[in-house]
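Here's the structure, in structure tokens; my notes come after.
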Amino acid sequence: MGKVKLAVIFYSMTGANYQMAKWATEAGQDVGAEVRLLKVQELAPDSVIEANSKWKETKEEIKDIPVAKSEDIEWADALVFSVPTRFGNMASQMKQFLDIQGGIWSQGKTVDKVVTAMSSAQNPHGGQEGTIKALYASMMHWGAVIVPPGYTDESLFKAGGNPYGTSTSVGSKGEILDDVEDAVKHQVKRAIKVAGWIKTGKQ
Ligand SMILES: Cc1cc2nc3c(=O)[nH]c(=O)nc-3n(C[C@H](O)[C@H](O)[C@H](O)COP(=O)(O)O)c2cc1C
């Protein structure tokens, strides 16, 4: 079996989901996966971004990270999504990315992708679980294999115990307020393990 190919796809305005995506990337590399770290296309007007110093800073920080494309989904055995909550749902930039995959979806190229998702919100009960579950609903349409962390590791408990996917509350400048690094890494390694089983089984 070749290396598991992992695409880590994130949206981030103030840096929290970017940090989680970086931890996900490290976890993938630690277990020998081939990893692509990718952002989704920004959709907000420049005038809105320019008016927010932290958003501007994040945009600059991630400027060299490639924008995810359909080919990345086709290429990957496993996908990790990291997306902030917006009014209890996923940020529209991520939704747009999912919505423009109709082409590969209609050709069956999203089938059997192993998927796991992470999120953040300002408030513990502000939509972290709902955002991840909304993303998973789309993944069911894709015929993906959703691999949530459940309670498969101790790290989940110190991270706030979200069994759907690791999530964190954030401060106003995007500071990660929960102890989630180990949970992110466990979640990603578990998804890679399952992707490896599927890859081997298909050979
Ligand atoms: C338009 C907008 C809507 C938001 N809606 C929610 C919400 O429903 N619940 C919540 O707790 N936080 C909400 N937030 C806070 C974001 O979820 C938070 O800024 C984000 O998780 C930080 O992630 P990032 O640093 O990766 O951008 C909202 C933020 C914005 C800008």
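Observations on the structure shown:
- Test: residue in segment 77-90 that is over 17 Å from ALA195 (Cα atoms), more than 13 Å from the chain's Cα centre (by Cα) and assigned to a loop (DSSP other than H, G, I, E, B): yes
- Residues that are within 12 Å of the ligand (Cβ to nearest atom), of a type in the set (Val, Ile, Thr) and assigned to a helix (DSSP H, G or I) were ranked within segment 1-54; the one that is nearest to ASP182 (Cα to Cα) is ILE49.
- All helices (runs of 4 or more DSSP H) inside segment 109-203 with 3 or more residues being closer than 18 Å to VAL83 by Cβ: 128-142, 181-202
- Qualifying residues in segment 55-74 (those that are over 22 Å from MET140 (Cβ atoms) and among the aliphatic types (A, V, I, L, M)) - the one nearest to the ligand (Cβ to nearest atom): ILE62
- Close contacts from segment 168-180, counting a first residue that is closer than 20 Å to TYR151 by Cα and a second that is among the β-branched types (Val, Ile, Thr) and near the ligand (Cβ under 9 Å from one of its atoms), with Cβ to Cβ under 7 Å and a gap of 6+ residues or different chains, come to THR168/ILE176; ASP178/THR168; VAL180/THR168.
- Condition met for LYS113 (touching a residue at least 12 places away in the same chain (Cβ under 8 Å), away from the ligand (no atom under 16 Å from the Cβ) and within 14 Å of the chain's Cα centre (by Cα)): yes
- Considering SER155, SER120, the condition of being buried (at least 21 other Cβ atoms within 10 Å of the Cβ) and over 17 Å from LEU98 (Cβ atoms) is satisfied by SER120 alone.
- Restricting the first member to segment 37-55 and to residues that are among the polar types (S, T, N, Q), and the second to residues that are modelled with pLDDT of 95 or more, the beta-carbon pairs closer than 6 Å and six or more apart or on different chains are GLN41/VAL67.
- Number of the exception - ASP77 against (1) surrounded by fewer than 18 Cβ atoms within 10 Å (Cβ to Cβ); (2) away from the ligand (no atom under 14 Å from the Cβ): (1)
- Those residues of segment 152-203 which are hydroxyl-bearing (Ser, Thr, Tyr), within 16 Å of the ligand (Cβ to nearest atom) and modelled with pLDDT of 95 or more, in sequence order: TYR164, THR166, SER167, THR168, SER169
The values are calculated or read from the model by the stated rules, or taken from the named source; none is laboratory data. Remember, it's a predicted structure, so these values are computed and weren't measured experimentally. All Cβ positions, even for glycine, are placed from backbone atoms using ideal geometry, and neighbour counts span all protein chains on display.
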